[in-house]
Every structure is written in C-alpha cells, then in structure tokens.
C-alpha cells in the first residue's frame, strides 16, 4: 500500500503541554482521512506540522514522500491547505485571490486560467468571481478557499474544520464538493472535525485523537461495531412477564427491567425488533412503545474521549498572541 | 523565477488595495496641505536667519514627512494581514520569507511614494520654483528615503502584537524621527545637543538631499549631496537586510 502521509512519533510540545504525543498514522492514497477529536485535542497542531507551518519538537513525517522537517518547500508545493480561520484577502475579488495563489505557487499562467475557471465552477462561484471578497458570505468564502487550495494540483488536501460555523445547507454543499473531489481528482484528503455527521459522511477512515494521542482508528462502521451491541428499549406494563419470555429465546443477550421499562441488548436490532413485537403480540402482552438505539459515531466518540467538557484555557490572549494561539490550536 | 513572480504578486496586491481605498489618497493630500498652507504661512522668520519663505523652506521636509508617516502607517498592513488570516496563506506558500518581505516592502513603498509625489505637486501651489527636471532628480531620492522608512515600519509591525501597540510606534518612533530630521527647522540655529541627535537620524540626510535638489542654491546644504545619498543608500541596504533577516526568523 502506498502511503501519502506517514508520521513517525510526531510530537509537539508547547512548554509543559504536550499537544501532540508520538503520533503514528498512515494515510493511504486516495482516501478521505478524518481526524476527530474534542477541542484542544491536537488536531490542528498535527495538521500544522504536516503542512510545515509548525516544527515538530521530535519525530517527523513524510508527506507525498517528502520529509516535513528536511524538505518543507517540496511538501508545501505538493499540498493544499484550507485553514480553520479565513485566510483570504477581502479587498480583492474572488478571482484575484485565486490568481494570487496561482502566482505564489508558480502555476503557469495559461494552466492557471483554465484551472481557476474549472474550480470556480465546481464551487459555484463563477458568477461572483469578479466581486470583492468582502461582499461574500462565510460559506462563499469557505468555498473559495477550498477551490483556491486546489489550484496548484496538490496531491494531498488538508481541510481544517472545513464547515465550522456554517449553516446546514452550506455544509451539505461543501460535503458534496469534497466527495466529488475525492472521486474526480487524484487526491487524498485529510480533514479535521468535531462534527460526527461530517466525519461519518465523508471519511473512509477516522482517527479519534485525544490529548495528542490516537485513541481509535478505523472505518466508521468498524468503530461503531467495536462499541458492541445495539439496545432496544420497551415500555410496557408487563415488563417482567415480557422479560421472562424473552430470556427463553435467542433474541437478546442481556436484559434489564426497571418498573415499566425494559432494556435489551441485541445483535441485529433492525431484524430483532419486529420479532420481539411479534412475540409480545402472540403472548398477549401490550407494548406501549419500543425503540432501537444503534451506536452512532457520537457514542464512539464519547466512549473514547469521555464526557467531560474540554475547557479552552481560561487565559486571556490579545492580538498576535491570540492569533498565534488560534494558528496552533 | 517563482520568487520574482511571487514578489510581483505581493507588490500588485498592495497597490490594488491602495487604489481601492479611495479615502486614503485624499486624506493624505490634506495633511501636508495643512502643514504647508497653515503652519507654513503662519510661521515667520527674519530674512537674516532664513533667506527664503519658511513655507518653501519646510516644503522638502513635508514631502519627506508624508513619506515617513505613510511608510510607518503602512507597516500596519502586516498586523492587518495577520489578524485577518491572510498572512497564513502567504506564509505556507512555497516561497522564501525574504521574497515575502521584499514584495511587501515594494508594495508599501509604492504607496508611500505615490503619497510623496502628491505632496510634491503641492509645490506648485506655494510657488516653489520646481519643474519636471527637478522632479525627475528628486524622485530617486524620494524612492531611497521611502525604502528605508518602509523597512522600519514593516520590521516593527511584524513584531507587534496588536493594532494598539502600533500607536506606540507613532509616539516613540515616527514623531521623534520627524522632529529630529530638521524637516521643520534649520539645524544651524538648533542647540548643539539637538544637532548631535539629528546626525544619527537617517531622515536628516534624506531631507537635506531633497532640500538641496528642490531649493537649489538658495540654502547652504548641511552636507554635499553625495554624502546624503551614500548615507541614505547605506541605511536602505542595512534596513532591507535587517528586515529580511527578522522577518525570516519569525515563526
């Protein structure tokens, strides 16, 4: 298997804080790889190191076969980045922002012209290309940034929280572009997010990162399955009776009764549920309500990262320091 | 080649931004006009001390002042770029930090120079004997003065933490440079300690050079023109190197 990214004990410390702790991941060519984690888990720090914005304290990584410490220029040429915070010039038009990028990355101008046209069409901004960025909405800016990151034909695209703070319609749109990209272009995509639905929809594999370490890494379905069985919750006045009957079947593995409620652990929830209803009907037990709970990525996430809320550091930062902190977060 | 193209791009960006900010050229025209037309005509000196009208005497100084204030103010664009995130787009591009600094410097210099040229045109209003030839000789001097000052502004701003702290530069750098440059007074009548200070101010030599070119033989210059040019040029080189160096070392 060909890896576009391979990290070797990648570590970054900020003073005493270990933001990224001996990270070892491999990203396969052509996949959409998700880095999922709570605030301050080290997602952006990891990406910043891979993009050569930040130097690792120890360890290293290769991106497209280039070493991020020894060959930062080659790495930069071969990647595209969309930052968490906006990074466009709002006094320039959409097209001017794109052209600037092409110039900075040394894309031949005739190639650039065609490429910019295609990309603006892809993100549906071709009609607004001549307007100043300051007239764009947040979602439009994001779309432009994604298009901009692709001008120089990068082989790896980094998306740091691509849909943060956007409305559901825009998010849906951006997801469509990302899916389209990974299908049509020869590109691998690394995205960070703390939105479960985003990771679930887009990523072929997901790494859950917490306190700078990978706590789980697999395809979304496998992660969910690894969490174990689904549960069926039933409300009925004859809960005890029903539980006795269910225990004598193969349908459930574990069962708990409390008052009028009954919770059963099952294997194949969607098929088991109707059979339980059938069984109850045959026994003349009336079921008030019944529901199936399949573990989603959110459960997986909470399972691995715990339920405690992560406070951002309470210190106050101003201006540059604040900007820098945003940059490294 | 990539680096040259990048420098060109960064320069073009600054110039485009400048022309899209329509108030800026106008407001920058007003300030020197106030200095020249009001301050300049209100102050009077006996002709034994000053052989030409004070208004004409400060005219080259006011051109330099416009360049100084604009250059220092333009430094703020670095802070601006950082606050609004655009700096990151430039910093991750596969170009050297040196090119980024040079591109930005050339862009800011162009803006400051345009302001300087606008102020130069005010000379016709106050009837300084200037013509195209004088302008063509003065222009390279203005360019030289601009480069050094823009570098000061950029280098300082790139180590600043907020817009507020840039105000501090105004009080502690811009105004002292302005007041000790001899833009407003004749150094020969200044107290000895002040004279000593002015000799350490690179802008003194810029003002002196402009005065020599624009006012011709009407005044006794402080230094021969070639000394002025050598010092201003040397200062430019030093500042460009220093600025590129500090900018490259920044994280």
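The values are calculated or read from the model by the stated rules, or taken from the named source; none is laboratory data. Here the structure is a predicted model, which means the values were calculated and not measured. Cβ: placed from backbone, ideal geometry, glycine included. Neighbour counts: every protein chain shown.
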Quick one: would you say residue B:26 is over 26 Å from residue B:201 (Cα atoms) and outside any helix (DSSP H, G or I)? no
Positions within region A:227-272 being touching a residue at least 24 places away in the same chain (Cβ under 8 Å), surrounded by 13 or more Cβ atoms within 10 Å (Cβ to Cβ), over 25 Å from residue A:298 (Cα atoms) and touching a helix residue (DSSP H, G or I) at 6+ places or on another chain (Cβ under 8 Å), in sequence order: A:236, A:242, A:245, A:246, A:251, A:260
Can you find a residue in region B:133-147 that is over 17 Å from the mean Cα position of the chain (by Cα), farther than 28 Å from residue B:101 by Cα and either within 14 Å of chain A (Cβ to nearest Cβ) or surrounded by fewer than 21 Cβ atoms within 10 Å (Cβ to Cβ) (or both)? yes
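Per-residue answers, yes or no, for (1) farther than 18 Å from residue A:210 by Cα; (2) part of a loop (DSSP other than H, G, I, E, B); (3) at pLDDT below 85:
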{"site": "A:254", "(1), (2), (3)": "yes, no, yes"}
{"site": "A:257", "(1), (2), (3)": "yes, no, no"}
{"site": "A:278", "(1), (2), (3)": "yes, no, no"}
{"site": "A:311", "(1), (2), (3)": "no, yes, yes"}
{"site": "A:320", "(1), (2), (3)": "yes, no, yes"}
{"site": "A:323", "(1), (2), (3)": "yes, no, yes"}
Return the residues of region A:45-54 that are facing chain B (nearest Cβ under 10 Å) and either farther than 22 Å from residue B:80 by Cα or buried (at least 23 other Cβ atoms within 10 Å of the Cβ) (or both); say none if nothing qualifies. A:48, A:51, A:52
Residue satisfying all of: in region B:148-180; closer than 23 Å to residue B:99 by Cα and within 14 Å of another protein chain (Cβ to nearest Cβ); surrounded by the fewest Cβ atoms within 10 Å (Cβ to Cβ) among these: B:159
Look through region B:52-111, keep the residues that are away from chain A (no Cβ under 12 Å) and outside any helix (DSSP H, G or I), and return whichever of them is nearest to residue B:41 (Cα to Cα). B:53
Extreme residue, nearest to the other protein chains (Cβ to nearest Cβ), among residues of region A:65-76 that are part of a loop (DSSP other than H, G, I, E, B) and touching a strand residue (DSSP E or B) at 6+ places or on another chain (Cβ under 6 Å): A:68
For region A:129-151, give me each residue that is surrounded by fewer than 17 Cβ atoms within 10 Å (Cβ to Cβ) and over 15 Å from residue A:82 (Cβ atoms). A:130, A:131, A:132, A:134, A:135, A:137
Which members of region A:77-97 meet the condition of being crowded, with 24+ Cβ neighbours inside 10 Å and free of Cβ contacts under 8 Å to residues at least 60 places away in the same chain? A:94, A:97
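Each row is one residue, and each column tells you yes or no for (1) within 17 Å of the chain's Cα centre (by Cα); (2) at pLDDT 95 or above; (3) more than 14 Å from chain B (Cβ to nearest Cβ).
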position: A:25; (1), (2), (3): yes, no, yes
position: A:39; (1), (2), (3): yes, no, yes
position: A:43; (1), (2), (3): yes, no, yes
position: A:56; (1), (2), (3): no, no, no
position: A:78; (1), (2), (3): no, no, no
position: A:91; (1), (2), (3): no, no, no
position: A:119; (1), (2), (3): no, no, yes
Those residues that are modelled with pLDDT under 90 and surrounded by fewer than 17 Cβ atoms within 10 Å (Cβ to Cβ), I need them from region B:13-29; list them, please. B:19, B:20, B:21, B:22, B:23, B:25, B:26, B:27, B:29
Filter result (over 15 Å from the mean Cα position of the chain (by Cα) and within 28 Å of residue A:38 (Cβ to Cβ)) within region A:216-232: A:222, A:224, A:225, A:226, A:227, A:228, A:229, A:230, A:231
What about residue B:47, is it exposed (fewer than 14 other Cβ atoms within 10 Å of the Cβ), without any contact (Cβ under 8 Å) to a residue 12 or more places away in the chain, assigned to a loop (DSSP other than H, G, I, E, B) and away from every other protein chain (no Cβ under 13 Å)? yes
